[in-house]
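The block underneath contains the structure these notes are about, expressed in structure tokens.
The values are calculated or read from the model by the stated rules, or taken from the named source; none is laboratory data. Because the structure is a prediction, the values reported are computed rather than measured. Positions of Cβ are generated from backbone atoms using ideal geometry, with glycine treated the same way; all protein chains shown enter the neighbour counts. Heads up: the accessible areas ignore ligands, DNA and RNA and are worked out on the full protein's heavy atoms, side chains in. Shrake-Rupley method; radii C 1.70, N 1.55, O 1.52, S 1.80 Å.
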Amino acid sequence: MSALPDLYTIFVLLLTCFALYLFMREKLPLEASGLAILIVLVVGFQLFPHPGGRLGTQAFLSGFGHEALITICALMMIGKGMETTGALQPLAQALAKAWAANPIMAAILTLLIGAVLSAFVNNTPIVIMLLPMLMGVAVRNKLSPSSILMPVGFATLLGGMATTIGTSTNLLIVSIAADLDAAQFEMFDFTLPAAIVGGIGMLYLWLVAPRLLPERQAPISDTMPRVFAATFHIHDDSTVCGKTFAQCLALTNNALRVDRIERGKGLLVAKLPSVILQAGDRLAVRDTPERLKEFEKQIGATLHDESGTSGMTNLSGAAPEQEQLAEIVVTRSSMLHDSSLAATRFAQRTGLLPLALHRAGAGGGKDTTGHIGLIPLGAGDVVLVQGTQQQLDQLKRLKMALVLDGTTNLPRTHRSSWALSIMALVVLVAALDIMPISVSALVGVGLMLATRCLTWKDAGDALSAPVIIIIVTSLALGLALTETGAARYIAQGFLATVEFLPTPVILSGLMLVVAVLTNIVSNNAAGVIGTPIAIQVATELGVSPEPFILAVLFGANMSYATPFGYQTNLLLLTAGGYKFTDFMRAGIPLVLITWLGFSILLPLLYEL
């Protein structure tokens, strides 16, 4: 190893360790941790300027204008355009039919399609598109959602490794390698090894992973049909207003089961047959959505409060025949989680009419006393709503909850063909080397906006502040590691412990370190920090840096072993009712398969 590091190198090494610690502990949101590291870097080198002169405020903040970040943001916007136009919806519908016909073959088909799409489109909208369809499949075929969701999510991660635009991590690593004059990768340069190893991984996800996953009761997998707690509001013109409770039940052939009769504020009326029902009374009931709507007609009451109490008035203004019922689930990431419909102004924001509530857990046993709009909601609670297709589409765009079953589909508009064409054009132009992906992606965003496949609001909503901050911070750390010699110091330390091993084994060890790192910190951070170190390791060994850069790229994409390894893992955690150990149970074997596969394949391809 070379001489002892100077103070600047020590400072960057300590700061890198501190960054990894913050990302692992998750005491702060990712964007807050990233911003804190960025501030320390800027202030530190502002107070004590580096002799090289290349490390300063402008250099560290240049990540905001970095080509890789611009490309990532542009591709996020294009993905949002694909989502909002429903460009992939016909594919989801075709897959749903395939599951009904042949679940075994449909499973591998879903894995393959998810993987192929993820090579070109951010996998988050793909997972969001497939989730409602897969949940419906699980319910209809009496399958455990936990056996379906995680394999599909992992398949999209495998597919993302195949091209330079498959994931933001790929783009960053390829861009950094080009900045350091280490290697220039075109879009499909590493598709072959990714396809070979990914194919083995897909067989594992199809045949083995579902058997490793225990049956979990997902928050959104209650037995259909669900029983909802609802409240009938009696008005002056209701059929039962002025009639006895017994007469009210007779109108429904005594099928209506009333839990309690509420009158005024906090007053309960005994359920005696002779009790006269008055305007303003509320009947608390439990039943399935179809029976609730039937009872609503029979007794002339409404499932919503027309007086406007708690903000639950009907805002749709649509004709009854234009409206439909839908069931939506509250997830942990939903705005409704730990809040209420009234507090979030659900009706005003979406125009949808909340009618009834099914609480998570067996029988929906949680307390549902009181107005539906005032009840605090938790993960897994299902709300029955009424509204138009357009209002349900708006709900999806607001990401307030997840539409549970096949009642509604992703929006499908006449602009979907434009969105598909623009995405294909972006990929084709970059693949044929007519223009860089950064330019073609920006042109694609412009075309999406021009053809109204994307609004400016949708474009803004597509961007993720945590992703942007983490990328900028990682780029700043990578620059500091390179310019201060910290990357060289780490590389020499790594080689000092493995210098007696063959080069292929060293490459394999580096990939394994990055794979472990990506499962406990941000995959972008693992990739950006690992790339300059990998280049330095290759330089010290006197071999081509390309296989070592790819070792970091593939290792940084092996985010299978923990729920916070990748953002879609968190989405799956909520939807599938998984536990942390489930990701380890199915994810660690996949990490080992891909690690061993690339450890064998990369040395063969690059003749190490």
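So the values come out like this:
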{"quantity": "Enumeration of residues in the stretch 472-500 that are within 14 Å of GLY527 (Cα to Cα), open to solvent by less than 20 Å² (accessible area, probe 1.4 Å) and aliphatic (A, V, I, L, M)", "calculated": "VAL472, ALA476, LEU477, LEU481, ALA487"}
{"quantity": "Test: residue in the stretch 105-113 that is outside any helix (DSSP H, G or I) and more than 16 Å from the chain's Cα centre (by Cα)", "calculated": "no"}
{"quantity": "Given (1) part of a helix (DSSP H, G or I); (2) out of contact with any Leu (no Cβ under 8 Å at 6 or more places or on another chain); (3) open to solvent by less than 40 Å² (accessible area, probe 1.4 Å), index of the condition VAL43 fails", "calculated": "(3)"}
{"quantity": "Residue within the stretch 453-464 that is closer than 28 Å to LEU604 by Cβ and among the charged types (D, E, K, R) present", "calculated": "no"}
{"quantity": "Filtered residue count, the stretch 385-410, keeping only those that are modelled with pLDDT under 60, surrounded by fewer than 19 Cβ atoms within 10 Å (Cβ to Cβ) and over 21 Å from LEU355 (Cβ atoms)", "calculated": "1"}
{"quantity": "Qualifying residue in the stretch 460-471 (condition: crowded, with 24+ Cβ neighbours inside 10 Å and modelled with pLDDT under 80)", "calculated": "yes"}
{"quantity": "Cross-chain or 6+ apart pairs with Cβ under 6 Å, the stretch 144-157 first and more than 10 Å from TYR578 (Cβ to Cβ) and part of a loop (DSSP other than H, G, I, E, B), then open to solvent by less than 10 Å² (accessible area, probe 1.4 Å) and of a type outside the set (Lys, Arg)", "calculated": "ILE148/LEU134; ILE148/ALA138"}
{"quantity": "Tabulated pairs, the stretch 524-539, first of a type in the set (Asp, Glu), second buried (at least 24 other Cβ atoms within 10 Å of the Cβ), C-beta under 8 angstrom, 6+ apart or interchain", "calculated": "none"}
{"quantity": "Pair list, Cβ < 9 Å and 6+ apart or interchain, from the stretch 245-256 residues that are without any contact (Cβ under 8 Å) to a residue 24 or more places away in the chain and farther than 22 Å from LEU268 by Cβ to residues that are open to solvent by 40 Å² or more (accessible area, probe 1.4 Å) and part of a helix (DSSP H, G or I)", "calculated": "ASN253/GLN298"}
{"quantity": "Residues within the stretch 256-282 that are open to solvent by 30 Å² or more (accessible area, probe 1.4 Å) and either part of a loop (DSSP other than H, G, I, E, B) or modelled with pLDDT of 90 or more (or both), tallied", "calculated": "13"}
{"quantity": "Test: LEU573 is in contact with a helix residue (DSSP H, G or I) (Cβ under 9 Å, 6 or more places away or on another chain) and open to solvent by 20 Å² or more (accessible area, probe 1.4 Å)", "calculated": "yes"}
{"quantity": "Close pairs from the stretch 188-202: first assigned to a helix (DSSP H, G or I), partner of a type in the set (Gly, Ala, Ser), Cβ under 6 Å, at least 6 apart", "calculated": "THR191/ALA162; ALA194/ALA162; VAL197/GLY597; ILE200/GLY597"}
{"quantity": "Every residue from the stretch 540-556 that is in contact (Cβ under 8 Å) with a residue 40 or more places away in the chain and open to solvent by 10 Å² or more (accessible area, probe 1.4 Å)", "calculated": "GLU540, LEU541, VAL543, SER544, PRO545, GLU546"}
{"quantity": "Count of the stretch 506-521 residues which are open to solvent by 20 Å² or more (accessible area, probe 1.4 Å) and in contact (Cβ under 8 Å) with a residue 40 or more places away in the chain", "calculated": "4"}
{"quantity": "Sole residue being more than 28 Å from ILE176 (Cα to Cα) and part of a helix (DSSP H, G or I), chosen from THR568, THR581", "calculated": "THR581"}
{"quantity": "Members of the stretch 298-338 that are open to solvent by 30 Å² or more (accessible area, probe 1.4 Å), over 30 Å from ALA246 (Cβ atoms) and at pLDDT 65 or above", "calculated": "GLN324, MET335, HIS337, ASP338"}
